[in-house]
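Visitor: Encoded as structure tokens, here's the structure I'll be asking about.
Nothing in this text is a laboratory measurement; each read-out follows from the coordinates by a stated rule. Everything numeric here is computed off the predicted structure, so don't read it as measured data. Here the Cβ is made from the backbone with ideal geometry for all residues, glycine too, and neighbour counts use every protein chain on show.
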Amino acid sequence: MMAGDGTIIDPRDAVLGRARVTDTPELEAFYQDLAAHNAGAFWKRANAIEPWEPETRYRPTLWRYADMRAMCMRALDLVKPEEAGRRVVTLLNDSDAGRENVAVCGWLFSGMQAMRPGEITPAHKHTASAHRFIMEGKGAYTVVDGHHITLGANDYVLTPGGCWHDHGVVADGDVSIWQDGLDIPLMNSLETNFYAVYDQPTQTAAFPTDDLPRTFGGAALRPEGIAAWEKPYSPVMVYRWDATRDALWNLAKVSDGSPFDGHMLRYSNPLTGGWALQTMGAHMQMLKGGFRGKAHRHTGNVVYNVAGGRGYSIIGGARFDWETHDIFCVPAWVWHEHVNLDPDDEAFLFSFNDFPVMEALGVRIEEAYSDHGGHQPA
Ligand code: 1HN
């Protein structure tokens, strides 16, 4: 329903407890006087700022790898990483909010970073946390607070907020493309983002190569006799694809998984079982051949990267077909369900999210879709 002044009226607002004031000439004059005093009548805006349920300003959006890979290749020719700082093609949510906030979805930033063999991105740090999913390439590495970490396709790697980091690809490697995820929109909304550049172009490794994943990456095996890890993020730093896939296969041998997500593993901090970073979480999920998930919705935003396979997701009632390395997002409180189109082979979906923020604030809420046998009308 539309009021005379163009505001949307929800019929549910015609109840005691909701704002339903009829404006009069005296009230209009009052509103003008309030405005002149940097004040307003709460009841004019109460229903808009207290929606009955979350109303996202973001839209489900899909980026095809075939297109975006070509854009990365063009960026390779057009700018040097030293000039660009980071040669990143930003993924902008298809909404005014996405373009304004430079957000892929909600509190999350994402981009695709491309690097040639022999290139480096200069060392820097920021309050915002980053994590990355390696889409293709050989010989890529990152250095995080002096820890040199080698990277391969489908690995997931952390750059926690406040850590110095620089990246590169070794001279005899391949062009590497990875997806970056950052909590930049959150940090900027909280007005907490600081940035600094390192006094050298790159860090000198201060520890043996891959020391953190080799020390802490033993799944249930926890090292004794070494200094306690006091930091608020996971010490594993990089989660290898082979181990992740094997863990999913093992899980599928003994469990049916979730009706919504199939078999799904959290990239966790092994010391706490919680999320690897304080502000962003990540998962790898496996949809078995022919899997057809049920629909649900939840608070928090999720950005997916198809690690392998072919299928589609119905998000807010619209179908998005995907294949390997396509990226798509599910905004907060939007119904979604996933389907693997291959009857025989698994599909793998990497995803990252802002669930740790939702949990820390006590607002992680989920609901299953109950109509039509749990599926959105197509
Ligand atoms: C950043 O530090 C990197 O270090 C990539 O690779 C993308 C996007 C926004 C802000 C910082 C990187 C980024 C970023």
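Visitor: Cysteines without a disulfide-compatible partner in the chain, using Cβ under 4.7 Å as the rule?
Guide: Cys72, Cys163
Visitor: Excluding Phe352 itself, what net charge comes from residues whose Cβ is under 13 Å from its Cβ, given Lys and Arg +1 and Asp and Glu -1?
Guide: Details: positive: Arg132, Arg266; negative: Asp180, Asp183, Asp354.
Cβ neighbours under 13 Å give a net charge of -1.
Visitor: Ok, one more. Work out which helices of the chain, taken as complete DSSP H runs, extend at least 18 Å along their axis over the Cα atoms and score a mean Kyte-Doolittle of -1.0 or more, then list them. Write down the numbers at each step before the final one.
Guide: Details: long enough: 65-78 (19 Å, 0.28); 241-254 (20 Å, -0.30).
Both cut-offs are met by 65-78, 241-254.
Visitor: Can you work out D for the range 159-236 in µm² s⁻¹ from Stokes-Einstein, where Rh is the Kirkwood radius over C-alpha pairs, the temperature is 10 °C and the viscosity is 1.306 mPa s?
Guide: On the way: Rh = 16.0 Å.
Taking Rh from Cα pairs, D becomes 99 µm²/s.
Visitor: With every atom except the alpha carbons ignored, what do you get for Rg and Dmax of the range 102-153, in angstroms?
Guide: Over the range 102-153's Cα set, Rg and Dmax evaluate to 12.5, 35 Å.
Visitor: Given the range 308-378 reduced to its alpha-carbon atoms as identical point scatterers, what log10 I(q)/I(0) does the Debye formula return at q = 0.15, 0.21, 0.22, 0.26 Å⁻¹?
Guide: Rounded to two decimals, the profile gives -0.61, -1.03, -1.08, -1.22.
Visitor: For the pair Arg64 and Asp172, what calculated FRET efficiency results from E = 1/(1 + (r/R0)^6), where r is the Cβ-Cβ distance and R0 = 22 Å, to the nearest 0.05? All intermediate terms of the calculation are to be shown ahead of the outcome.
Guide: On the way: r = 30 Å, r/R0 = 1.38.
That gives a FRET efficiency of 0.15.
Visitor: Let me know the number of lysine pairs in the chain closer than 26 Å at the Cα, not counting same-chain pairs under 8 apart.
Guide: On the way: Lys80/Lys125; Lys80/Lys138; Lys125/Lys138; Lys125/Lys231; Lys253/Lys288; Lys253/Lys294.
So the count works out to 6.
Visitor: Please tell me the relative contact order of the chain in percent, rounded to the nearest whole number, where contacts are Cα pairs under 8 Å and at least six residues apart. Please list the in-between numbers first.
Guide: On the way: 855 pairs, mean separation 54.6, N = 378.
The normalised contact order for the chain reaches 14 percent.
Visitor: Taking every pair of Cα atoms in the range 289-334, average 1/r, invert it to obtain the Kirkwood radius, and report Rg/Rh to two decimals.
Guide: On the way: Rg = 10.8 Å, Rh = 11.4 Å.
In the range 289-334, Rg relative to Rh is 0.95.
Visitor: Also: How big is the shadow of the Cα convex hull of the range 1-159, averaged over all directions, in nm²?
Guide: Its Cα hull, projected and averaged over all orientations, spans 15.1 nm².
Visitor: Let me have the 222 nm mean residue ellipticity of the chain computed from DSSP H runs of 4+ only, each contributing -39500 (n - 2.57), with the sum over all residues rounded to the nearest 500.
Guide: Details: 9 runs with 76 residues, N = 378.
-5500 deg cm²/dmol, from helical runs alone.
Visitor: What value does the range 1-81 have for Rg/Rh, both radii from Cα atoms and Rh as Kirkwood defines it? Could you put the intermediate results ahead of the total?
Guide: Details: Rg = 22.9 Å, Rh = 17.3 Å.
My calculation of the ratio gives 1.32.
Visitor: What spacing in nm lies between the two simple spin-label points modelled at Ile120 and Asp344, each 7 Å away from Cα in the Cβ direction?
Guide: Label-label distance for Ile120 and Asp344, simple model: 4.8 nm.
Visitor: If you don't mind, there's one more thing I want to ask. So how long is each side of the range 78-235 along the principal axes, counting just the alpha-carbon atoms, biggest first, in Å?
Guide: Principal-axis extents of the Cα atoms in the range 78-235, largest first: 52, 37, 32 Å.
Visitor: Follow-up question, since we're still on this one. Binning at 10 Å from 0, report for the chain what percent of all alpha-carbon pair distances ends up in each bin.
Guide: It works out to 5, 21, 30, 23, 12, 7, 2, 0, in whole percents.
Visitor: Checking a compactness column here: for the range 239-378, what do you get for Rg(Cα) / (2.2 N^0.38 Å), N being the number of residues?
Guide: Here the Cα radius of gyration is 1.01 times the empirical estimate.
Visitor: Follow-up question, since we're still on this one. Restricting everything to alpha-carbon atoms, can you work out Rg to Rh for the range 185-287 with a Kirkwood hydrodynamic radius?
Guide: Values: Rg = 17.1 Å, Rh = 16.4 Å.
We get a ratio of 1.04 for the range 185-287.
Visitor: Could you tell me what % of all Cα pairs in the range 72-115 have separations over 16 Å? Mind showing how you got there, number by number?
Guide: On the way: 401 of 946 pairs.
Cα-Cα pairs in the range 72-115 separated by more than 16 Å: 42 percent.
Visitor: With Cβ to Cβ distances under 14 Å as the rule, what net charge do the other residues near Thr127 carry (K, R +1; D, E -1)? Show your work: numbers first, answer last.
Guide: Numbers: positive: Lys125; negative: Asp183, Glu191.
Result for the local shell: -1.
Visitor: Still on this structure: Over all directions, what mean area does the Cα convex hull of the range 108-198 project, stated in square nanometres?
Guide: Working: hull surface 20.6 nm².
In nm², the orientation-averaged hull projection of the range 108-198 is 5.2.
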